[in-house]
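First comes the structure, then the notes that go with it.
Readers should treat all values here as calculations from the given coordinates under stated rules, not as data from a laboratory. Since the structure is predicted, the reported quantities are computational estimates derived from the model, not experimental observations. Don't worry about glycine lacking a Cβ; one is built from the backbone with ideal geometry, like all the others, and counts go over all protein chains shown.
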Amino acid sequence: MKNEPFFKRDGDHYVPTAAGRGPWNPNSLHGRVIVGLLGFELERKHGDPDFLPARLTVDMYRLPGFDPVEVTTRLIREGGRIRVAEAEFISGGVSMAKATCQFLRRTENPEGKVWKAPEWDVPKPAAIPAPDPSSGPMGRMWSTRPISGGFGQGGQRRMWMSEVRDIVEDEPLTPFQRVAVAADFASPAAHASDQGLAFINSDVTVYLHRLPRTEWIGFESAYHDATEGVAVGECRLYDEQGSIGFASCAALAQKRPARPAPAEAAKAEA
């Protein structure tokens, strides 16, 4: 990819670039790059072609700034069918986030029919006109193809998203990294209202039954509810060949005024 990556290597550390700037504080990183880098390191150090990274959970308990980042990993369990590893995101010597990944050995499906949701029947990305670059979400952070229920509107949201940057310089995105760096989008997709986004997510969990086979990841908001300022939300995930899993998150209401929804924020910048 030609666009500036989110991180550049400096010895054993990763140096954030301006491309990873977050929406809540101009001096902090976006949650999606935290998730992406943790996923990158877990796959790099503990991934195996015979194992599927079936679950990635990231707890984000601080907003990191632009200090060099160290990511440490630890293998918790190495088994014949299950491998579990964890990673910690350390910025400026302070722990900011921690991830756990469960790798499951690939095998054959058992016989029998199990109920599942209907196939996702939506237009493919190539059939949807690209939106005006000045109205792209989060200041043109992704390549998107909106399907239905845009930001600032009611109703269920559906859209395609494709990453336009590498997580780490000179490290092409793998299928798992594409999902990891996109997964944080489950929060605005599930939690934004017609008044904007007033929840900040404190975690992300991704469940996958297979890796994406194309660069486009489809999001479909599936659940949102909130009580006393605590929200939970979920989005189903797809590629162009069908379902791949889902992403969920918990979130806290922000005390300051709601941030504009992604499309509105981008228009304000233009």
Note, region 178-186: 3J(HN,Hα) by Karplus (6.51, -1.76, 1.60, θ = phi - 60°), whole Hz, Gly/Pro = x, goes 4, 6, 4, 6, 8, 4, 4, 5, 4
Taking 0.36 nm per intervening residue step and subtracting the Cα-Cα distance, what contour gain separates Asn3 from Ser162 on full extension?
55.9 nm
Would you pull out the residues with amide H under 5 Å of Arg106's amide H, same chain only if 5 or more places away, H placed 1.01 Å from N?
Phe51, Leu52
Hey, with R₀ at 22 Å, roughly what FRET efficiency would Gln254 and Arg213 work out to, going by the Cβ-Cβ distance, to 0.05?
0.05
For region 34-40, take each phi angle, set θ = phi - 60°, evaluate the Karplus expression 6.51 cos²θ - 1.76 cosθ + 1.60, and give the result in whole Hz per residue in order, putting x for glycine and proline.
5, 4, x, 5, 5, x, 4
Let me know the shape class of the chain, please: from the alpha-carbon gyration tensor, a ≥ b ≥ c as square roots of the eigenvalues, rounded when a/c is under 1.5, otherwise prolate if a/b is greater than b/c, or oblate.
rounded
Of the candidates Gly11, Gly155, Gly245, which one comes out as most mobile in a Gaussian network treatment of the chain with C-alpha springs shorter than 10 Å?
Gly11
Based on the alpha-carbon gyration tensor of region 1-132 and its eigenvalue square roots a ≥ b ≥ c, which shape applies: rounded if a/c is under 1.5, prolate if not and a/b is larger than b/c, or oblate?
oblate
Once both labels are modelled 7 Å past Cα along the beta-carbon direction, what's the Gln153-Asp12 spacing in nm?
5.1 nm
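Run the helix sum for the chain: -39,500 (n - 2.57) per DSSP H stretch of 4+ residues, divided by residue count, reported at 222 nm to the nearest 500 deg cm²/dmol.
-4500 deg cm²/dmol
Given axes a ≥ b ≥ c from the Cα gyration tensor, I'd like to know whether region 53-104 is rounded (a/c under 1.5), prolate (a/b larger than b/c) or oblate.
Cα axes put region 53-104 in the prolate bin.
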J(HN,Hα) series, region 192-200, from Karplus relation 6.51 cos²θ - 1.76 cosθ + 1.60, nearest Hz, glycine and proline x
5, 10, 6, 9, x, 9, 10, 10, 10
For the chain, built as a Gaussian network whose Cα springs stay under 10 Å, the top-fluctuating residue of Arg105, Arg44, Arg62
Arg44
Around Ile34, with a cut-off of 14 angstrom between Cβ atoms, what is the net charge of the other residues, counting Lys and Arg +1 and Asp and Glu -1?
-3
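Relative contact order (percent) for region 26-93, with alpha-carbon contacts under 8 angstrom and 6 or more residues of separation?
Working: 70 pairs, mean separation 24.1, N = 68.
Normalised by residue count, the contact order of region 26-93 is 36 percent.
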Low-density loop GluC sites (Glu not before Pro), region 48-156, at most 10 other Cβ within 10 Å, DSSP non-H/G/I/E/B, are Glu108, Glu111, Glu119
For the chain, whose charge dipole is built from +1 on Lys and Arg Cβ atoms and -1 on Asp and Glu Cβ atoms, the candidate among Ala226, His30, Thr100 with its Cα farthest towards the positive end is Ala226
Residues listed by number, region 81-112, amide nitrogen under 15 Å from Thr72 label point at 7 Å toward C-beta:
86-99
